[in-house]
There are 4 protein chains.
Amino acid sequence: MIKVGIIGATGYTGAELVRLLSGHKEAQMVGLTSRTYKGEPFWKVYPHLRRYTSLECEELHLAGLIDRVDVIFTALPHGHAMEVAVEVSRRGKVLIDLGADFRLRDARVYEEWYRVEHTAPDLLGQAVYGLPELNRNEIKNAWLIANPGCYPTAAQLALAPLLARDLVEPDSVIIDAKSGVSGAGRKTSLTTHYAETNENFRAYNVGIHRHTPEIEQELGRIAGRDMRVSFTPHLVPMTRGILATVYVKLKKFKDGDELQAIFEDYYQGESFIRVLPAGMLPQTKAVAGSNYCDLGVVADPRTGRAVVLAAIDNLVKGASGQAIQNMNIIFGIKETEGLEHPPVYP
Amino acid sequence: MIKVGIIGATGYTGAELVRLLSGHKEAQMVGLTSRTYKGEPFWKVYPHLRRYTSLECEELHLAGLIDRVDVIFTALPHGHAMEVAVEVSRRGKVLIDLGADFRLRDARVYEEWYRVEHTAPDLLGQAVYGLPELNRNEIKNAWLIANPGCYPTAAQLALAPLLARDLVEPDSVIIDAKSGVSGAGRKTSLTTHYAETNENFRAYNVGIHRHTPEIEQELGRIAGRDMRVSFTPHLVPMTRGILATVYVKLKKFKDGDELQAIFEDYYQGESFIRVLPAGMLPQTKAVAGSNYCDLGVVADPRTGRAVVLAAIDNLVKGASGQAIQNMNIIFGIKETEGLEHPPVYP
Amino acid sequence: MIKVGIIGATGYTGAELVRLLSGHKEAQMVGLTSRTYKGEPFWKVYPHLRRYTSLECEELHLAGLIDRVDVIFTALPHGHAMEVAVEVSRRGKVLIDLGADFRLRDARVYEEWYRVEHTAPDLLGQAVYGLPELNRNEIKNAWLIANPGCYPTAAQLALAPLLARDLVEPDSVIIDAKSGVSGAGRKTSLTTHYAETNENFRAYNVGIHRHTPEIEQELGRIAGRDMRVSFTPHLVPMTRGILATVYVKLKKFKDGDELQAIFEDYYQGESFIRVLPAGMLPQTKAVAGSNYCDLGVVADPRTGRAVVLAAIDNLVKGASGQAIQNMNIIFGIKETEGLEHPPVYP
Amino acid sequence: MIKVGIIGATGYTGAELVRLLSGHKEAQMVGLTSRTYKGEPFWKVYPHLRRYTSLECEELHLAGLIDRVDVIFTALPHGHAMEVAVEVSRRGKVLIDLGADFRLRDARVYEEWYRVEHTAPDLLGQAVYGLPELNRNEIKNAWLIANPGCYPTAAQLALAPLLARDLVEPDSVIIDAKSGVSGAGRKTSLTTHYAETNENFRAYNVGIHRHTPEIEQELGRIAGRDMRVSFTPHLVPMTRGILATVYVKLKKFKDGDELQAIFEDYYQGESFIRVLPAGMLPQTKAVAGSNYCDLGVVADPRTGRAVVLAAIDNLVKGASGQAIQNMNIIFGIKETEGLEHPPVYP
């Protein structure tokens, strides 16, 4: 049994870890920390999970918690996982960070976009970017996982098959992404106020969203060259789900059948990628609650572009499900363990 | 392995049976019928279930289907399960009908409310009303289950603890119930049109909803006397969930602690009933996707009433989940098999 | 031109006053106060109103503001209008308070339910409860209006025709009310967080909501005797709208035609009450953005009850529209001025 | 008084014409036709408009209707306005067609994209494309208006300032557009079923939507050269609103201040265009129910692109409001008449 501790268990990604781990046959939660709710039974904070965990939220005692577990998940705002990583490193355990602290390889880029000092830059070289479909082998041997951001997950899974084969004009990439509100976390704000967001649709952080350097860094790795992309996030009046609509100019035009074959081939055998047949398009609800990424690709002969659509559940494949997938890989158990239940629709 | 056939598999309750059965360890779907989609792979109709079943929708050949299975689920509009029941009876299999055809013990009452002739009235006496928490022993030996309506499930679970102890003024019962739109099924209509229902709230069928006689019949059985209730359904701009707000005048006032104890005692040991502690109230989202019924009870000393709140997922505990629970009981396997995953929140 | 000042203009009821007054031909806004946004153009806080007012949010200087206007609207949380009233009284202007400070005639009842000391109890006797359809004559001569709560508006308009004719068993009244989220105001909280409320339905404050004494006080006035009611508010995943479902036992049963005639007769000539014809039921969206109250009444011969349904827009007839209606009456102008635009549907 | 007839009055754009015209001081509705609801009072079909029109839905008698009016609005699916136009032409009245039949100047392009024969190709040369901000002078003298599609309205208003100054790489234009569900009309279908669309987000008709040739034709006119664009529509789980996110490569990079000035300059004096100040972004809810188009423009120095965001209410500026704006221009009355009420928010 893998012993698990979750730091920041009462945010949405924390709660989603608890939901998914409660059905995991080879992992056992032993500590859930929460600053706000310490002392309360976890299920009183999230009544849907009554009977799935009897743990109480506890205050964080870092060293003590690490010693009780095999793996720590940090589900914290950026800036808070660095000191955890130092301690986990010292004590020889595994850390899967759902935040941004170890995603950018260059501490200066991190500091520029996140406006926080990076206090563990020497660990950056040991961190592995945890997108299993692109990076499974490195994950196997990692002790420190930078779990990808939700938008970057969708963007990379949409683009990897084309970039890996060098089919894309590198300056042509546009990622128009749309997310449900749970992506903003459980913290209250005017943006997440029901009456401000319901029956409303808008873009935000146009050209300046913090996931931009992460997307460019990882796409660059796939493409083997520097990448510069336009990335625009939007807020959808729904709770869960991301749809990324990705536009690329093809170096040499491919028709729909060719693109379809490229995608099916690239993701052959992947448990969590479903390339839809031609004529079907991804929709966020078809992956809700699950770790799937549904992909569709459309050739546009009129413009010479390909349009790729990727749908994920931002809290699962975009966060907690992917984190558990990483854990499974690291600990050598079945990659799908704890993640096999179907999406819930309608 | 229990072999399962679903007649009417591409409506919402049918699809929900497929979702839940796909994870059931002791049941195997062998036939899914659909008039509209025959010949199509089921997952093309419901892409969220891709990789969970490879069955194709088939045309209904009743006798042949029955012979291939141990149990038939009928997920059809009322009026269509009667001939299925006759055939299942003849061939000695089990039928769980998610429709209304066998819920009312008196064929004339059925015909009065549903405006359809009952063509198998002789089977009514063999049908067992499949609300396991109230009726588990009879279910064990049944071959024909009338799976309860969604509203009646919520109403009965809210009222049973009080009625069973004869605490309620019988003419005082008011059931104000609110349902998500999936309760209306997948058939298109102006009522289920997004733009007509979103940002809208309304009552419908006030005083004349067809679940009324079912509620009264079953409450009457619990109370041991005829019951007459006010029942008002409402349509909520959400997809899943029912909340029933039930008002009763108490014969002799009980305070909150007493009512709490009565509910906890009554549902002691029930796997799918969660009586919330005093101070917490049920919400539909805390049971979404699951077979739970969350219950809360409030004493109102100002009026001498008790207010009971019951939340279920109308497609699970209100339909397909309960149907599987009935199957599990009949076939003598663990009652929670296939129904153990937690609700999805937020 | 009536000169208007709004204290607390950047909450939802404040903004709705600005929206409605911007089209009012005989009123002119001259001061909008906001603690949070002082110094900002109002339209930067509410961009939908760009070009409808050029006023900037200003800090509150009470005496100065009062001297510049004919009428003050207070759109503040309870507890804050009392000192405003004292000052308005002193300076001989008109105050329309959208909060609760002057709704309850008995200061002790106010203090018991609102847990705040009433610092202007001597003004309570001068306050007029501003529900024009029930109380128009007193409003005409008032300088201090207690603008009704949203739930009490719906409840009273639903019950008045029956209570006024003494048709109701007094202890039988149950008000099951459902509100959109904007009723909770613009303040952020977990309750109004999109992800907590979307696809969710729940009751809150069962038996203890602060509108209860207001409802009972005013129903009591109509009925000419003390009233005790069950009142349960619910939160609907939508932004605007209240539907109240009201149950009463009739002293002597009336059929549908009789009830219909009673309602049509009672509200004969009312500009903002639309009694729907038999067979149609109110829905919140049909009044959205408008000052209407749509009413429907159903006789239930099976139970001897009448069920009355009332739909309003909680921010308009339930707050700001009604406040303007009161202003119009006081200043002797057309009661519908500024309130004549149709609801927006779908 | 302009006498108005609406053919197809009970679809959403028809009903929106009725809503807006009910407050128009110089127009009077005299005939509303509906195949489905003939003989019924219009307000029984749309109860929100009770007291705003007493007209009954009538069967269409084309010649008779035209003779009774000054202007006909056709709010019909494509393919049905052509014969109306012939008759209106013959009788010398004005026709404003909210459908697609006269938008494409080339009948063959129409037939290719709409799969319907064009039966009045000789009238195409007389039709004026009714986007007032770009085409006001021709509209003044028109008798036949092709009222723009909803997506093309947003796309053109977003792009016109840049194209008119030849700032855009012509092959670089990508229009990623998102629409509420009312854009699909009131006809029931699985796509508009609440449970299929709520909590869901998806693209549709990628690369093949019928608004594509309309967008390209009109952008081409502004740019003075052929245009080829990528256009992807998406369905948002909300009722009203379109947001278009438009990406262009600038021939020569302009910074945010320059772009801002270009937009403000271009739309100087326009009543229905609100260019938001730098730092604010359009949102659909800020224009809901109104004829505004809110615009925001962002320079992205990293990629050399500009991102333009346009928000409209698809039923108002995207259909019925714009149609009335066209009518006002043709009949020489104030362009804003009937369209002056503010958006409704929240």
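The values are calculated or read from the model by the stated rules, or taken from the named source; none is laboratory data. Since the structure is predicted, the reported quantities are computational estimates derived from the model, not experimental observations. Glycine also receives a Cβ, built like all others from the backbone with ideal geometry; neighbour counts cover every protein chain displayed. Note: areas computed on protein heavy atoms with side chains; ligands, DNA, RNA excluded. Shrake-Rupley method; radii C 1.70, N 1.55, O 1.52, S 1.80 Å.
Nothing charged except the Cβ atoms of Lys and Arg (+1) and of Asp and Glu (-1): what's the magnitude of the dipole of the protein assembly as shown about its Cα centre? Round to the nearest 20 debye.
0
Mean partner shielding of peptide D:294-301, defined as the number of other chain Cβ atoms within 10 Å of each residue Cβ, is 3.
Considering only D:135, D:326, D:147, the mean-square fluctuation computed in a Gaussian network model of chain D, springs between alpha carbons under 10 angstrom, is largest for D:135.
Label point of residue A:189 (7 Å along Cα→beta-carbon): distances to the other copies' equivalent points are 2.1, 3.7, 4.2 nm, sorted ascending. Here the spin labels are modelled as points 7 Å beyond Cα on the Cα-Cβ line, and at residue B:44 and residue C:165 they lie 6.1 nm apart.
The C-alpha atoms of chain B define a longest principal axis, and helix B:211-223 lies at about 60 degrees to it. The chain B residue nearest the rotation axis shared with chain D, using its Cβ and rounding the distance to whole Å, is B:188, 2.
Remark: the protein assembly as shown is approximated by an ellipsoid whose semi-axes, taken from the C-alpha gyration tensor as √(5λ), come to 43, 43, 34 Å, largest first.
Summarising the amide proton neighbourhood of residue D:145: residues at separation of 5 or more, or on other chains, whose placed amide H is nearer than 5 Å comprise D:95, D:96, D:97, D:128.
Among the trypsin sites (Lys or Arg not before Pro) found in the range A:249-303, those both in a DSSP coil and sparsely packed, with 10 or fewer other Cβ atoms within 10 Å of their Cβ, are A:252.
Applying 1/(1 + (r/R0)^6) with R0 = 51 Å to the Cβ-Cβ distance of residue D:63 and residue B:208 gives a FRET efficiency near 0.65.
The mean number of partner chain beta-carbon atoms within 10 angstrom of a residue's beta-carbon across peptide D:179-187 is 4. Normalised per residue, the accessible area of the range B:185-276 is 34 Å², obtained with a 1.4 Å probe and no contribution from ligands, DNA or RNA. Accessible area per residue for the range A:1-105, computed on protein heavy atoms with a 1.4 Å probe, is 38 Å².
Diffusion coefficient of the range D:24-91 by Stokes-Einstein, Kirkwood radius over Cα pairs, 4 °C, 1.567 mPa s: 99 µm²/s.
Find the eigenvalues of the gyration tensor of the Cα atoms of chain C, then list the square roots of 5 times those eigenvalues as equivalent ellipsoid semi-axes, largest first, in whole angstrom.
32, 22, 20
For chain D, the mean residue ellipticity at 222 nm estimated from helices alone is -8500 deg cm²/dmol, where every DSSP H run of n ≥ 4 contributes -39500 (n - 2.57) and the total is divided by all residues, rounded to the nearest 500. Please build a GNM for chain C, connecting alpha carbons under 10 Å apart, and tell me which residue among C:319, C:195, C:142 fluctuates the most. Looking only at C:319, C:195, C:142, the largest GNM fluctuation is found for C:195. For residue A:275, the residues 5 or more places off, or on other chains, whose built amide H falls under 5 Å of its own are A:295. Every Cα-Cα pair of the range D:151-314 was included, and the share exceeding 25 Å stands at 30 percent. Solvent-accessible area of residue B:172, all protein chains in place: 20 Å² (probe radius 1.4 Å, heavy atoms, ligands and nucleic acids excluded). Loop-resident trypsin sites (Lys or Arg not before Pro) (DSSP state other than H, G, I, E or B) in the range A:1-31 with no more than 12 further Cβ atoms inside 10 Å of their Cβ: A:25. Counting only DSSP beta bridges whose two residues both lie in the protein assembly as shown, roughly 50 percent are antiparallel.
The ellipsoid equivalent to the alpha-carbon distribution of the range B:2-126 has semi-axes of 27, 15, 12 angstrom, derived from the gyration tensor eigenvalues as √(5λ) and listed largest first. Here the gap between residue C:225 and residue C:302, fully extended at 0.36 nm per residue and compared with their Cα-Cα distance, gives a gain of 24.9 nm. Select from C:238, C:77, C:267 the residue farthest towards the positive end of the dipole of chain C; place +1 on Cβ of Lys and Arg, -1 on Cβ of Asp and Glu, and compute about the Cα centre. Positive-most Cα among the choices belongs to C:238. Taking the Cα centre of chain D as reference, the dipole from Cβ charges on Lys and Arg (+1) and Asp and Glu (-1) amounts to some 460 debye.
Quick one: check the C-alpha center-to-center distance for the range C:141-194 versus the range A:135-213, whole angstrom. What the calculation gives is 44 Å, centre to centre.
Loop-located trypsin sites (Lys or Arg not before Pro) in the range D:71-117 (DSSP state other than H, G, I, E, B) with a sparse environment of at most 14 neighbouring Cβ atoms within 10 Å: D:115. Here's the picture: charge each Lys and Arg Cβ at +1 and each Asp and Glu Cβ at -1 in chain A, and of A:46, A:309, A:286 the one pushed furthest to the positive end of that dipole is A:46. Peptide D:48-56 has a mean shielding of 4, counted as Cβ atoms of other protein chains within 10 Å of each residue's Cβ. Residues whose amide H comes within less than 5 Å of that of residue C:27, counting only those at least five positions distant or on another chain, are C:2 (H built at 1.01 Å from N in the peptide plane). The portion of the accessible surface of the range B:2-126 made up by carbon and sulfur, rounded to a whole percent, is 46 (1.4 Å probe; DNA, RNA and ligands excluded).
With θ taken as phi - 60° and the Karplus curve 6.51 cos²θ - 1.76 cosθ + 1.60 applied, the whole-hertz 3J(HN,Hα) list for the range B:4-21 is 10, x, 10, 9, x, 7, 9, x, 5, 6, x, 5, 6, 4, 4, 4, 6, 5 Hz, x standing for glycine and proline.
Considering only C-alpha atoms, what is the centroid distance from the range C:275-346 to the range B:1-38, in Å? Cα centres, the range C:275-346 to the range B:1-38: 46 Å. When the pairs C:25/D:38; C:44/D:254; A:44/B:187 are compared against a 28 Å limit on Cα-Cα distance, C:25/D:38; A:44/B:187 fall above it.
How much accessible area is lost when chains B and C come together, counting both sides, with a 1.4 Å probe, in Å² rounded to the nearest 100? Chain pair B/C: roughly 3900 Å² of buried accessible area. Partner lysines whose Cα lies under 28 Å from the Cα of residue C:252, excluding those fewer than 8 positions away in the same chain, are identified as B:249, B:251, B:252.
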